[in-house]
1. Could you tell me which of the residues 31, 35, 76, 80 is assigned to a helix (DSSP H, G or I), within 13 Å of the chain's Cα centre (by Cα), surrounded by fewer than 12 Cβ atoms within 10 Å (Cβ to Cβ) and modelled with pLDDT of 85 or more?
2. Any residue that is closer than 30 Å to residue 126 by Cβ and either modelled with pLDDT of 85 or more or surrounded by 20 or more Cβ atoms within 10 Å (Cβ to Cβ) (or both) - is there at least one of those in the stretch 9-22?
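The values are calculated or read from the model by the stated rules, or taken from the named source; none is laboratory data. Please read these numbers as outputs of a predicted model, since none were measured by experiment. All Cβ positions, even for glycine, are placed from backbone atoms using ideal geometry, and neighbour counts span all protein chains on display.
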């Protein structure tokens, strides 16, 4: 991610203090923004693009917005940018899949371990994807991004109590579905 192409003087004139705050926010929160984008897009390059777009949007809005909590503001913006881009996201490339397998082989994993791990990961991803949006989004932000309930509430624009309820429901549904799948495999 290279934000060096963005000039803080033109075409986005902002006060020096706002520019300094923005630079600090990029330094302090770029990993969070990337992780949020990646959790939605599941592709490294798309997540980098979404991260850059998030910071550009934030830079543009500095002229008319006072930011009190950079972390929450950037998280919310990254979430929205990634959701906007998700419909345009492409499938994982063969190169990325090959890189993942090679790295696992280098780490000493057997073919059976690699396949088993990939199957379990794919199963979990399918189960999570099958959840309704209102349950899937808080779960993703909580487990993948490790955001706390207040931060998730800010990102999604819902009350904190609703976040906790949705997380509990999502986890319960996943537990039941995963138990049913694993129980079915034990019987065969």
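1. 31
2. Checked the stretch 9-22: no residue is closer than 30 Å to residue 126 by Cβ and either modelled with pLDDT of 85 or more or surrounded by 20 or more Cβ atoms within 10 Å (Cβ to Cβ) (or both).
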